[in-house]
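Contents: one structure, followed by commentary.
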Amino acid sequence: MKESAWIAIWSMLFFIVNADIKCQFEDDGGMMFHMCNATGSSDNILRRGLVSDKRKTFHIILMQCKIIKIEQEAFYRLPALAILDLGENKIESLPIGVFDRLPSLSRLNLSYNLLTELPDNIFNHNTELSVIDLEGNKLHTLKPGLFDSLWRLSQLDLSHNMFTGKEIVPGIFERKRDISILSLSGNDMAEANFLSIMNNLNYLYMDGCSLKVVPNLATAENMKQLRHLSLASNEIKSIDDAMTFSKLKDVMKINLSKNQLEFIHKDVFKNLRYLEEIDLRYNKLTTLPVDMFQNIPKLYELKLSYNLLTDIPLNAFAGTELKRLSFDNNNITHLHENFLLKIEDAGLMLKIMHFGNNPWQCACLRELLREVKEMDVIYDTNTYDGKHPVCVTTKNFYCRRDAAAHDQFIRMYNENIR
């Protein structure tokens, strides 16, 4: 009876002391899951007593709790804690030793706070830590030895901070060569060279990194384990060297969307035997060499939307396994006659094709719509629902495939529909 009374009194004190953050505790097979929410409008200081001193706690979410400061013993006596989410708060600094009593911590989310630096030895006692998310802070440097004790570290997100590649020394990852997922997006990586010692990267994200060319560090010999390379939202205008990706023997996905690409060497994707997806959306490509994508045996999806293409070569995909093709929002007025039937005869079976918002000739579009319906290909049904104009025509209603008519139909489309 006295014990029950003490628990009731402690609960009352608990919610008074932490009146602006309230946590719900759930028992998940003997392990405790805590989800906390801010209940007031004021900023909060995370002190010992809110989530600490609970030996079975496995997962804590303190996301969007308006936390501006964490006291050193806030996570005291949480030996089973494996997942800690502190994302989207206002934390400017971390006290030394704040994570020292979390021996089981494996995933840490500190994204979208106001951190400007990380203390020396902040992770020294977290040898099980495998995933760290630091996205969206104000970090500009990483101190040597910061990750040295994290022998299980496999995933690191440094995106959208204030790093510059030339200021990150390779030594920071000297003992972390086995990181497999690394995100550097949203930082200036134009002069980076610190990836030269990374031997086991599978996923590399360098979106929005102020790159004007495909960086050598992302395509070097030590990147041969890479499966996914993303260089989206940069300023790359051309890829002139046919050997640019030649060392990425096992790459499965290359994302070059939202650049300024006007030219890509026709052989740049050759010999990439495991390449499944190429994303070239939102560029300035006007033509595709007929053999650019040929004989890429695993190619499954090709994204060409939002370019300036005027044609899709009939034999462009021979020797691939292409199932998904998108070329909507280009300058295409027609395709080759019986386009789908002919590529099927060549061994391809497209399942999905997006071709909306092109300046189609109505006669050519009618032929294509008949084909996709007959061959059960998924297409832009919302665009072609018969409720608004989608194509143009002259008095002579037939599909003109001569180059001379191309500009005329684009002009008509721009004046009347686009």
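The values are calculated or read from the model by the stated rules, or taken from the named source; none is laboratory data. Everything numeric here is computed off the predicted structure, so don't read it as measured data. We place every Cβ from the backbone using ideal geometry, glycine too, and count neighbours over all the protein chains shown.
Quick notes
- Checked against (1) polar (S, T, N, Q); (2) closer than 27 Å to SER257 by Cβ; (3) exposed (fewer than 12 other Cβ atoms within 10 Å of the Cβ), ASN416 meets all criteria but (2).
- Search result, residues across region 106-134 that are charged (D, E, K, R) and buried (at least 20 other Cβ atoms within 10 Å of the Cβ): ASP133
- Filter result for ILE70 (within 23 Å of the chain's Cα centre (by Cα) and β-branched (Val, Ile, Thr)): no
- Scanning region 239-256 for residues that are in a loop (DSSP other than H, G, I, E, B) and surrounded by 21 or more Cβ atoms within 10 Å (Cβ to Cβ) gives PHE245, LEU248, VAL251, LEU256.
- From the options GLU337, GLU344, GLU301, residue that is of a type in the set (Asp, Glu), touching a residue at least 24 places away in the same chain (Cβ under 8 Å) and in contact with a strand residue (DSSP E or B) (Cβ under 7 Å, 6 or more places away or on another chain): GLU301
- SER4 being modelled with pLDDT under 90, more than 26 Å from SER159 (Cα to Cα) and not in a loop (DSSP other than H, G, I, E, B): yes
- Criterion violated by ILE343 - all others in (1) touching a Phe, Trp or Tyr at 6+ places or on another chain (Cβ under 7 Å); (2) surrounded by fewer than 20 Cβ atoms within 10 Å (Cβ to Cβ); (3) more than 19 Å from THR383 (Cβ to Cβ) satisfied: (2)
- Scanning region 74-88 for residues that are among the aliphatic types (A, V, I, L, M) and within 15 Å of ASN44 (Cβ to Cβ) returns ALA74, LEU86.
- Within region 168-187, residues that are within 18 Å of LYS143 (Cβ to Cβ) reach partners that are assigned to a loop (DSSP other than H, G, I, E, B) and among the basic types (Lys, Arg) with beta carbons closer than 9 Å, at six or more positions or on different chains, in the pairs ILE172/LYS143.
- No other residue among ASP380, ASP328, ASP311 is out of contact with any Ser or Thr (no Cβ under 8 Å at 6 or more places or on another chain), among the acidic types (Asp, Glu) and part of a loop (DSSP other than H, G, I, E, B) apart from ASP380.
- Qualifying residues in region 272-310 (those that are surrounded by fewer than 20 Cβ atoms within 10 Å (Cβ to Cβ) and aromatic (Phe, Trp, Tyr)) - the one nearest to ALA242 (Cα to Cα): TYR274
- Of residues in region 40-82 being under 22 Å from LEU114 (Cβ atoms) and hydroxyl-bearing (Ser, Thr, Tyr), the one surrounded by the fewest Cβ atoms within 10 Å (Cβ to Cβ): SER41
Residues are listed down the side, and each one gets a yes or a no for (1) aliphatic (A, V, I, L, M); (2) closer than 26 Å to ILE179 by Cβ; (3) at pLDDT 95 or above:
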{"position": "HIS34", "(1), (2), (3)": "no, no, no"}
{"position": "LEU50", "(1), (2), (3)": "yes, no, no"}
{"position": "LEU81", "(1), (2), (3)": "yes, yes, yes"}
{"position": "LEU110", "(1), (2), (3)": "yes, yes, yes"}
{"position": "GLU128", "(1), (2), (3)": "no, yes, yes"}
{"position": "ASP133", "(1), (2), (3)": "no, yes, yes"}
{"position": "ASP148", "(1), (2), (3)": "no, yes, no"}
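- Index of the failed condition, MET375 passing every other in (1) surrounded by fewer than 17 Cβ atoms within 10 Å (Cβ to Cβ); (2) among the aliphatic types (A, V, I, L, M); (3) out of contact with any helix residue (DSSP H, G or I) (no Cβ under 7 Å at 6 or more places or on another chain): (3)
- Considered as a group, the residues in region 26-39 that are over 11 Å from HIS59 (Cβ atoms) and either over 32 Å from the mean Cα position of the chain (by Cα) or among the acidic types (Asp, Glu) (or both) include one that is surrounded by the fewest Cβ atoms within 10 Å (Cβ to Cβ), and that residue is GLY29.
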